[in-house]
Amino acid sequence: MKLKNNFFYTIREDIKDEESISGKLLVRSGMIKKNSNGIYMYTPLGRRVVKNIEAIVREEMDRCGAMEVSMPSLIPEEIYINSGRRMIFGDNMFTLKDRYDRPYSLGPTHEELFVEMAKSQIKSYKDMPFNLYQVRTKFRDETRPRYGLIRTREFTMKDAYSFDANLDSLDKSYEIMFNAYKNIFDRIGLNYKIVRADTGAMGGLLSEEFQAITDIGEDILVLCETCDYASNIEISECVPKCEVATCEERVKELVYTPNIGSIADLEKSLNIPNSKMVKTLIYKVGEELVACLIRGNRELNDVKLSKLFNVPEVVLASEEEVQNVTGAKIGFAGPIDLKIKIIMDREVQYMKNFLVGANKTDYHYVGVNLRDFKYDLVADIVNVKEGDICPNCGGKLYFKKGIEVGNTFKLGDKYSKSLGLQYLDQTNTQQYVQMGCYGIGIERVMAAVAEQNHDEFGLIWPISIAPYKVSIVLINENDDKQKAVADKLYNDLICNNISVLYDNRDERPGVKFNDMDLIGIPIRITIGKKVNENLVEFKLRTDNQAIDINVLEVIDKIKSICLN
């Protein structure tokens with residue numbers, strides 16, 4: 001593309017309403033433009049990056065045997081009601097009604113429709129396995145869209161679904177897609193980790209996430225210094241230290257703690273470390289109130305607690321509910337004589353002589369031991385911390401932040417059961433189809449690459465997804481020889497199927513160089529006065545220095561980089 005008289009702009013100043021580096025740079029480089037909170041427009045330059053990502057995704061999907069389809073965005077709401085997911089999505093769904101007052105939603109995801117399509121094919125075990133995919137716009141009414149393209153209300157997703165007759169066949173289909181995902185992210189050039197994760201609203205047997213490592217990532221990844229353990233913090237097992245305290249158990253003692261209800265204030269007032277305290281957190285689980293006992297320096301893990309009770313989510317009880325069951329203000333709840341179900345974290349069972357709330361405003365007990373109260377269940381209900389024990393090898397755990405760019409699920413028969421997708425097996429018996437689900441957020445990939453690849457001058461696109469692989473900067477359009485060399489190089493690159501951006505604008509060289517750096521084109525060829533010596537300037541975006549190269553050699557040099 002020639003820039004002169006074409007649609008191209010950049011923004012010099014920083015972007016105030018963008019929180020992330022990727023958001024700022026993608027807006028400044030003129031690739032995206034915010035339309036409203038969580039909704040963006042894509043310019044021709046930005047669309048080229050998106051299309052290049054999509055092309056890699058499609059190539060790998062087609063290579064592994066998946067077949068592309070297209071599903072509607074406007075979906076009758078009853079489909080999600082029938083699958084049991086309408087309540088799970090809740091307010092995250094965009095909903096509307098047609099002229100006949102029938103409810104519809106803008107599709108947040110398409111498992112249900114893929115099942116309906118599969119019913120047309122599947123009658124017998126002989127009709128499987130197969131895999132269908134689409135690259136489609138999704139809509140989710142996010143409570144807090146943020147970080148540019150990382151969390152938006154309208155986004156493009158590649159979602160694929162495999163259909164198998166049994167779990168052994170599903171395992172094979174899953175492995176094929178899993179390897180395809182690794183090929184996709186390797187080709188794109190992402191630095192990523194694969195972690196075990198919660199199945200969430202998708203449900204099923206297994207969830208694994210492909211997480212791009214970035215400082216701004218929304219997810220906390222738990223990794224091991226010694227082995228290859230990798231997990232999302234939501235499901236990472238907290239291994240308790242099992243050394244039982246050797247001190248003698250004391251008799252509990254009621255102490256006066258006026259207006260001291262927080263762990264931090266108790267530490268200062270009583271000179272007791274938070275590791276010697278037990279927090280009693282009252283949660284609402286469905287319609288039931290449950291007390292959760294965790295060590296004072298731990299955080300409760302909502303996902304683990306919801307999984308324990310097999311409910312979609314859990315919420316903290318209201319102040320009124322806490323007072324009704326404890327008889328005290330918030331901050332003074334404790335397990336002694338508490339008349340609701342008590343869930344104790346595994347770590348607490350190894351503690352002695354600890355502090356708890358007294359269920360009496362302004363009072364706590366010290367010297368408390370397990371004999372002083374009753375509990376119903378011991379379970380892992382807390383978040384791991386850095387330095388905790390690896391559940392695989394006993395090494396030390398550490399954290400990284402990540403952006404989830406892809407996920408793979410073994411759904412099993414979750415959707416085939418709820419939506420009636422069955423087949424006849426070899427014994428002529430009806431069985432439920434086993435499904436897998438595989439998603440990639442296209443724009444999230446774009447944002448993650450931008451987060452990982454930039455410097456103080458702008459974006460640095462990997463050559464695989466750059467909007468153009470080469471930029472030609474013409475210094476003086478009025479110089480006939482410079483223009484002739486630039487025009488020939490431009491046409492030669494096009495003939496070699498190498499995408500090229502030709503900056504022939506009437507701008508100062510510094511403006512052109514700054515723009516090419518900002519938009520992140522991998523290779524820059526500058527054509528100036530040295531063409532009289534048959535030389536042009538060659539510079540990689542990743543290098544600080546440019547080199548001179550003979551005009552006759554420049555095409556081969558570019559081809560060696562772009563076509564390998």
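I want to confirm something. Restricting to the range 94-119 and keeping residues that are open to solvent by 10 Å² or more (accessible area, probe 1.4 Å) and under 25 Å from the mean Cα position of the chain (by Cα), which single residue is farthest from Gln134 (Cα to Cα)? Steps first, answer last, please.
Filtering the range 94-119 down to residues open to solvent by 10 Å² or more (accessible area, probe 1.4 Å) leaves 94-104, 106, 113, 116-117, 119.
With the extra rule that they be under 25 Å from the mean Cα position of the chain (by Cα), the set shrinks to 94-95, 106, 113.
Numbers: Phe94: 21, Thr95: 22, Leu106: 16, Leu113: 12 Å.
Once the filter is applied, the top-ranked residue is Thr95.
If you go through the range 120-132 and pick out every residue that is surrounded by 15 or more Cβ atoms within 10 Å (Cβ to Cβ) and either outside any loop (DSSP other than H, G, I, E, B) or among the acidic types (Asp, Glu) (or both), you end up with 5.
Out of Leu300, Leu281, report the one residue that is out of contact with any Asp or Glu (no Cβ under 6 Å at 6 or more places or on another chain), closer than 18 Å to Val325 by Cα and modelled with pLDDT of 95 or more. Can you show your working first?
Details: Leu300 fails: closer than 18 Å to Val325 by Cα.
Selected residue: Leu281, the only one of Leu300, Leu281 that is out of contact with any Asp or Glu (no Cβ under 6 Å at 6 or more places or on another chain), closer than 18 Å to Val325 by Cα and modelled with pLDDT of 95 or more.
For the range 73-93, taking the residues that are of a type in the set (S, T, N, Q) and more than 22 Å from Pro145 (Cβ to Cβ), the one that is most open to solvent (accessible area, probe 1.4 Å) is identified as Asn82. Among the residues of the range 529-541, the ones that are part of a loop (DSSP other than H, G, I, E, B) and surrounded by fewer than 18 Cβ atoms within 10 Å (Cβ to Cβ) come to 1 in all.
If you scan the range 278-326, which residues turn out to be open to solvent by 20 Å² or more (accessible area, probe 1.4 Å) and of a type in the set (S, T, N, Q)? Answer for the range 278-326, where residues must be open to solvent by 20 Å² or more (accessible area, probe 1.4 Å) and of a type in the set (S, T, N, Q): Asn297, Asn310, Ser318, Gln323, Asn324.
Identify, from the list Asn514, Asn478, Asn544, the residue that is under 22 Å from Asn6 (Cα atoms), open to solvent by 20 Å² or more (accessible area, probe 1.4 Å) and at pLDDT below 95.
Values: Asn514 fails: at pLDDT below 95; Asn544 fails: under 22 Å from Asn6 (Cα atoms).
From the options Asn514, Asn478, Asn544, the qualifying one is Asn478.
The sole residue among Val433, Val445, Val473, Val449 that is β-branched (Val, Ile, Thr) and within 17 Å of Ile525 (Cβ to Cβ) is Val473. Do we find that Lys417 is on the phi < 0 side of the Ramachandran plot, open to solvent by 30 Å² or more (accessible area, probe 1.4 Å) and modelled with pLDDT of 95 or more in this structure? In short, no. Here Leu501 passes the criteria (1) free of Cβ contacts under 8 Å to residues at least 40 places away in the same chain; (2) crowded, with 19+ Cβ neighbours inside 10 Å except the one numbered (1). Given the condition in contact with a helix residue (DSSP H, G or I) (Cβ under 7 Å, 6 or more places away or on another chain), in a helix (DSSP H, G or I) and β-branched (Val, Ile, Thr), answer yes or no: does some residue in the range 431-443 qualify? Yes, there is a match, as at least one residue in the range 431-443 is in contact with a helix residue (DSSP H, G or I) (Cβ under 7 Å, 6 or more places away or on another chain), in a helix (DSSP H, G or I) and β-branched (Val, Ile, Thr).
Among residues belonging to the range 373-403 that are in a loop (DSSP other than H, G, I, E, B) and β-branched (Val, Ile, Thr), point out the one that is nearest to Thr226 (Cα to Cα). So, considering only residues that are in a loop (DSSP other than H, G, I, E, B) and β-branched (Val, Ile, Thr), the one nearest to Thr226 (Cα to Cα) is Val384.
The values are calculated or read from the model by the stated rules, or taken from the named source; none is laboratory data. Given the structure is predicted, the values throughout are model-derived calculations rather than measurements. Positions of Cβ are backbone-derived with ideal geometry, glycine not excepted, and every protein chain shown enters the neighbour counts. When the accessible area is computed, the model is the full protein with side chains, heavy atoms only, and any ligands, DNA or RNA have been set aside. Shrake-Rupley method; radii C 1.70, N 1.55, O 1.52, S 1.80 Å.
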